[in-house]
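I have placed the structure first, in the form of structure tokens, so that the comments after it can refer back to it.
The values are calculated or read from the model by the stated rules, or taken from the named source; none is laboratory data. Computed from a prediction, not measured in an experiment: that's the story for all the values here. Here the Cβ is made from the backbone with ideal geometry for all residues, glycine too, and neighbour counts use every protein chain on show. These area figures cover heavy atoms from the full protein model, side chains too; ligands, DNA and RNA do not enter into them. Shrake-Rupley method; radii C 1.70, N 1.55, O 1.52, S 1.80 Å.
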Amino acid sequence: MAEKKVKQIAIYGKGGIGKSTTTSNLTAALSLAGYKVMQFGCDPKSDSTNTLRGGTYIPTVLDSLRESTIVKPHEVIYTGFNGVYCVEAGGPAPGVGCAGRGIITAVELLKKGRIFEELDLDYVIYDVLGDVVCGGFAMPIREGIAEHVFTVSSADFMAVYAANNLFKGIQKYSNSGGALLGGVIANSINAPYAKDIIDDFVAQTQTQVIEYIPRSVTVTQSELQGKTTLEAAPNSAQAQVYKRLAEKIAAHTQSKTPKPLDVKELRDWAAKWGDNLLALETGEIRSEAAGI
Amino acid sequence: MVVNLKSHQSENRESRLGSITGYNGTLRDLHTQSGCGGPQNKERCFSQASLCNAACALGLTSFIVDAVIVQHSPSGCAVTAMTVSNATDQLAATINLDNSKSAYVCTDMNEADTVFGATENLRKVIIEIHKRYQPKAVFIGASCVSGVIGEDLESIARELHEELGIPIAPIHCEGFRTKIWASGFDAAFHAIINHIVKPPQKKTNIVNVINFFGGARKEITEIFSRFGVEPLFIITNTTVEQLSKLSESVATMSTCGTLGTYLGSGLEEAYGVPYIRSLQPHGMAGIESWLGELGKVLHKEKEVAEYLAEEKEKYLPKILEAKKKLTGLKAVIGMGPAFNFNTTRALQELGIEIEYSAAWHFDKQYDDSKAPNAFQYLVENSPNNYKMSVSDLQNNELLNILNTVKPDIFFARHTGSAVWAMKLGIPAICLYDEYAVFGYKGLYNFANAILDSVTNRSFTENLAKRVKLPYTDWWFKQNSDYFLKKEEVNNA
């Protein structure tokens, strides 16, 4: 029998955009759908998997590196909600060392151990810190580690800017076996114009929105209990949104190379939307962006 | 003045002095280009291995007899320790110095150190080294890894200075900072001026002589005694205590313009110690300029003139006799720029024609914003406008040049490059001793050494017959500047 291919997915996005929340709920939803899932937090803060484990922290891969260059699986892999596997890369204290190198090291250590195969996983989901600021943060999209990348973005300009930077990273590695882009997970989409902004951005960059996720107080309430929405409020409308996201990602097979905007294009694009929003605020009706 | 002592680190030569490592042309073309905002550096599209500036920075400081070098790097960077450990012991032994307080150690940064930072480990190493060797100062050598991850060497140095009560001096010699290894000398001297040298308590009759190994220690001490001053050969085999008093000296001079510029200018800027700008003491014009300028600062012009006249009387006839046998010989020279220009002048004094000159970098100016005296002298006085290349010791280019020119003799300053000429059947002399051409007497001895080399050729010829070079016929048919990119990149 051919060895099962583990589907590896990297989730990127600007810090504070709801990346870990979205990833943890995605992990939980995939697990509830019957898949064996590992969530791999790639953030020195090592809090990606907290809501899968009742709000608790776990020892990290890089913590174990201090002791030995061989990772013992039981030291770094912890089970959480519905049996999902939780791993945190970890990293240096703020202001010292090299977090980027840390991610490279942590991912390589786990790869070397053939741990994914041993656990017979269906999915590994990397939750990667912020922007692609240096080589380390590009690790999950390089060298065929993840096949599909999704980016969490709101309609805020800085979130879109980070997404566009990620697209540049993906484009750079696209010819050398790197991951390709599955699409944008549009988060905190409540105002009508927010959807239009994201839709316009994905059209410009030749990608797609895989799911729209509204801002919801249910998410906050769940997180305050140290839980995902899937665990704390499985029957809520928001939980259904995450389940739908999981179904779409499970069905997703073909990722593509995006067409990121260059600096001037991005600035012009933002300026155009600035004008549109100003017109909306002052009551000028000039396009469908007004939501009428 | 472009030495900025307020900064934690010295600026590299490329940006501070407009120095370059890529050029091919002639002596006077290089001078012309230097006058119009250039010369433009030409990048290479292929480069052989070269040298890291950390080797210069830490190699030099490791010769201080009672200081410890702690290189904050992976262990491979500390290869310099291997090359200096024997030499430091041997040199100290020759002049009865106790160097038991000196050591060269490395923090052996590994992957975990890179990820998490390793300043705590660095701190432990310095404390341990202080316990074991009781040095009078510790130099922390930076590395590419410590630089990339932003290790805060300054804070560690400040804290440990307070704790241990000795100077702890970071040397910022990260390898990626510069292509010019001599930038490492500047980095080391920056640390010495800022952390070791103290404000003067009094003025002394000491002349700081910046050099490498002090080979002519005895001779220069005797000469200087005629002018009422004493030389302090720095920084090899000096103590931290001696270095702390460099500010009290009456003047600073150097046997190498490349080596001396930063410390000389820095001491002048910080403490008003005059730095003597002159030719270096190679050959006749060199010693006349070197001692002549010292005489002016000391107001001992008469004594200097007397000494020079005695030497001239003793050696000039012999030099002229030797010159008859050497005149017309064609030479290639490959050295760092300062020794290159000074040795070239001495060779021309012996009637030898320089056909091609390779300099391992080129400073269009020193830290006084003026062109190096030795370069300017050649531009004005060289009988021919010989070909010049600038490379960071790209051996393939050097071999191409030697194979094309086929000179009668090749002059090197590094043992490694002399033997390559010999493999081509070209006699070579390695001027490893910086005082090999010192003054009249040195020039006369040098003339005899050259005569010996071009006459006794059997070893060179036999070696050439039995060596298979790693270069292809194709390479020897190309111009030596084949790998210099045609578009010019200004890194000034």
Self-check item: Ranking by accessible area, most exposed first, for A:142, B:457 with a 1.4 Å probe
Solution: B:457, A:142
Exercise. Give the accessible area for residue B:162 in Å² (nearest 10); use a 1.4 Å probe, count only protein heavy atoms, and leave out ligands, DNA and RNA.
Key: 140 Å²
Quiz item: Of A:138, A:232, A:28, which is the most mobile in a GNM of chain A whose springs link Cα atoms less than 10 angstrom apart?
Solution: A:232
Quiz item: Per-residue accessible area for residue A:156 at 1.4 Å probe radius, Å² rounded to 10?
Solution: 100 Å²
Quiz item: Using Cα pairs under 8 angstrom and six or more residues apart, how large is the relative contact order of chain B, in percent?
Solution: 20 percent
Quiz prompt | Stokes-Einstein D in µm²/s, Kirkwood radius over Cα pairs - region B:315-477 at 4 °C with 1.567 mPa s viscosity | solution = 80 µm²/s
Quiz item: What's the carbon and sulfur percent of region B:145-262's accessible surface, probe 1.4 angstrom, rounded to a whole number?
Solution: 53 percent
Quiz item: Can you give the mean number of other chain Cβ atoms that lie within 10 Å of the Cβ atoms in peptide B:103-115?
Solution: 4
Quiz item: What whole-number value in Å² describes the accessible area per residue of the protein assembly as shown for a 1.4 Å probe?
Solution: 41 Å²
Quiz item: Over chain B, what is the percentage of antiparallel beta bridges among all DSSP beta bridges, to the nearest 5?
Solution: 15 percent
Quiz item: Given B:423/B:485; B:325/B:441; A:72/A:243, which pairs have Cα atoms separated by over 23 Å?
Solution: B:423/B:485; A:72/A:243
Quiz item: If you take every DSSP beta bridge whose two residues both sit in chain A, what share of them, in percent to the nearest 5, is antiparallel?
Solution: 10 percent
Quiz item: Which net charge results for the neighbourhood of residue A:228, defined as the other residues with beta-carbon distances under 12 angstrom from its beta-carbon, given Lys and Arg at +1 and Asp and Glu at -1?
Solution: +1
Exercise. Report the calculated FRET efficiency for residue B:462 and residue B:90 (r = Cβ-Cβ distance, R0 = 35 Å), to the nearest 0.05.
Key: 0.70
Quiz prompt | Calculated [θ] (222 nm, deg cm²/dmol) that DSSP helices of n ≥ 4 give over chain A, each run adding -39,500 (n - 2.57) | solution = -12000 deg cm²/dmol
Self-check item: Among the listed pairs A:168/A:256; A:36/A:168; B:218/B:324; A:14/A:259; A:195/A:272; A:168/A:264, those beyond 22 Å (Cα-Cα)
Solution: A:36/A:168; B:218/B:324
Quiz item: Tell me: how much accessible area in total is hidden between A and B, 1.4 Å probe, Å², nearest 100?
Solution: 800 Å²
Quiz item: When all protein chains stay in place, what accessible area (Å², nearest 10, 1.4 Å probe) is found for residue A:284?
Solution: 90 Å²
Quiz item: Which order do B:271, B:482, B:435 take when ranked by solvent-accessible area (1.4 Å probe, heavy atoms of all protein chains), largest first?
Solution: B:482, B:271, B:435
Quiz item: Taking the alpha-carbon centroid of each part, what is the distance from region B:249-289 to region B:128-189 in angstrom?
Solution: 26 Å
Quiz item: Just for the protein assembly as shown, what percent of DSSP beta bridges are antiparallel, to the closest 5?
Solution: 15 percent
Practice problem: Return the distance in nm (one decimal) between the two label points of a simple spin-label model at residue A:271 and residue A:176, each offset 7 Å from Cα along Cα→Cβ. | Solution: 3.5 nm
Quiz prompt | Amide H contacts of residue A:189 (H built 1.01 Å from N, under 5 Å, at least 5 apart or other chain) | solution = A:213, A:215
Quiz prompt | Residue (of B:184, B:52, B:39) at the positive-pole extreme of region B:13-196, dipole from beta-carbon charges | solution = B:39
Quiz item: With all protein chains present and a 1.4 Å probe, how do A:133, B:105 order by accessible area, largest first?
Solution: A:133, B:105
Quiz item: At 222 nm, what helix-only mean residue ellipticity would chain B give, in deg cm²/dmol to the nearest 500, using -39500 (n - 2.57) for each DSSP H run of four or more?
Solution: -14000 deg cm²/dmol
Quiz item: Across 10 Å bins from the origin, how do the percents of Cα pairs in region B:206-301 run, short distances first?
Solution: 17, 56, 26, 1
Practice problem: Quantify how strongly other chains surround peptide A:93-101 by giving the mean number of their Cβ atoms within 10 Å of each of its Cβ atoms. | Solution: 5
